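S.K.: Okay, here's the structure, questions in a sec.
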Amino acid sequence: MTAHPPKRYIVALTGASGMPYAVSLLQKLAAKNVEIHGLVSAAGAQVLKLETGLSTSEVSRYMTRLYDEKDFAAPVASGSFPHDGMIIIPCTMGTLGAIANGISNNLIHRSADVTLKEGRRLLLILRETPLNRIHITNMLRLAEAGATIMPAMPGFYHHPTSIEELVAMFVDRILDVLGLPDPEAKRWGIES
């Protein structure tokens with residue numbers, strides 16, 4: 001009987017607010033023993049430090065491998081690199097716009113473009129409000145191209161008492177979309 005290879009995901013952090021979501025997702029994916037191929041933009045590293053006090057090297061401990069955003073020779077830049085999906089968390093509107101328009105200024109954009117062209121799952125965790133017409137048009141273009149648009153909107157039906165509970169609830173929704181449900185996740189209408 002052959003062992004199945006572990007699930008493999010690309011996780012990219014860009015410069016939008018919402019880094020607690022990114023850290024929580026990395027922790028939960030690492031706990032599931034999946035391969036995590038990480039990308040962090042320069043602005044993402046700044047926001048990560050501002051919002052969580054963590055450096056890129058500190059969060060890289062949850063990653064199987066971390067790539068430089070300028071390294072277009074990295075395996076994740078090619079369609080021949082098999083993976084189970086890419087998550088950009090948080091996703092800036094600049095990143096969204098670049099991907100929607102086929103512009104590959106960095107490895108994050110290129111990896112997302114390759115993910116779409118190969119028909120793989122691309123999740124964009126947006127954290128911006130209000131939205132203008134350009135943002136909405138770019139979201140529509142990406143949804144039509146096969147991306148999943150997930151604005152970071154936690155629910156309140158589980159009666160959260162902390163920011164950590166709000167973050168965990170939304171990250172559990174991401175895991176659901178990836179097909180990696182957390183059995184401990186709070187569900188609508190289900191008592192735990």
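S.K.: Name the most mobile residue of His159, His135, His37, meaning the one with the largest mean-square fluctuation, in a Gaussian network model of the chain with Cα contacts below 10 Å.
M.R.: Maximum fluctuation in the GNM of the chain, among the listed residues, is at His159.
S.K.: Moving on. Among 161-169, 96-104, how do they line up from the highest to the lowest mean number of other beta-carbon atoms within 10 Å?
M.R.: Numbers: 161-169: 14.3, 96-104: 18.3.
The peptides rank, most packed first, as 96-104, 161-169.
S.K.: If we sort 10-16, 76-82, 45-51, 128-134 on the protection proxy, mean other Cβ atoms within 10 Å, highest first, what's the order? If you can, show how the numbers build up before the last one.
M.R.: Details: 10-16: 26.4, 76-82: 14.3, 45-51: 17.0, 128-134: 10.6.
Going by the mean number of other Cβ atoms within 10 Å, highest first, we get 10-16, 45-51, 76-82, 128-134.
S.K.: Rg to Rh ratio, the range 18-63, alpha-carbon atoms and Kirkwood radius? Intermediate values should be presented prior to the final figure.
M.R.: Details: Rg = 10.0 Å, Rh = 10.6 Å.
Dividing the radius of gyration by the Kirkwood radius yields 0.94.
S.K.: Still on this structure, please answer the following. How long are the three semi-axes of the equivalent ellipsoid for the range 1-92, computed from the Cα gyration tensor as the root of 5 times each eigenvalue, in whole Å, largest first? Display every interim value, and only then the final one.
M.R.: Working: eigenvalues 104, 49, 21 Å².
Working through the eigenvalues yields semi-axes of 23, 16, 10 Å.
S.K.: Another question, if that's okay. What does the charge count around Glu164 come to, taking other residues whose C-beta lies under 15 Å from its C-beta (Lys +1, Arg +1, Asp -1, Glu -1)? Walk me through the numbers on the way to the answer.
M.R.: Numbers: positive: Lys28, Lys186; negative: Glu51, Glu165, Asp172, Asp182, Glu184.
In short, -3.
S.K.: Could I ask something else about it? Mind jotting down the three principal axis lengths of the range 8-178 based on Cα atoms? Whole angstrom, largest first.
M.R.: 43, 38, 28
S.K.: In addition: Relative contact order of the chain, please, whole-number percent, based on alpha carbon pairs below 8 angstrom and at least 6 residues apart.
M.R.: Details: 323 pairs, mean separation 39.8, N = 192.
Worked out over the chain, it gives 21 percent.
S.K.: Under a 5 Å amide H to amide H cut-off, with H placed in plane at 1.01 Å, what residues pair with Glu35 once short-range neighbours are removed?
M.R.: It is Lys7, Arg8, Tyr9, by chain and number.
S.K.: Taking Lys186 as the anchor, which aspartates and glutamates have their alpha carbon closer than 12 Å to its alpha carbon, excluding any fewer than eight residues away along the same chain?
M.R.: Glu165, Asp172, Asp176
S.K.: Next question, about the same structure. Given the Cα-Cα distance of Ser80 and Asn132 and 0.36 nm per residue of separation, how much length would full extension add, in nm?
M.R.: Working it through step by step, the gained length comes to 15.1 nm.
Bear in mind these aren't lab numbers, they're just calculated from the coordinates by the rules spelled out. Just so it is clear, the model here is predicted, and its values are computed rather than measured. Every residue, glycine among them, receives a Cβ derived from its backbone with ideal geometry; neighbour counts consider all protein chains shown.
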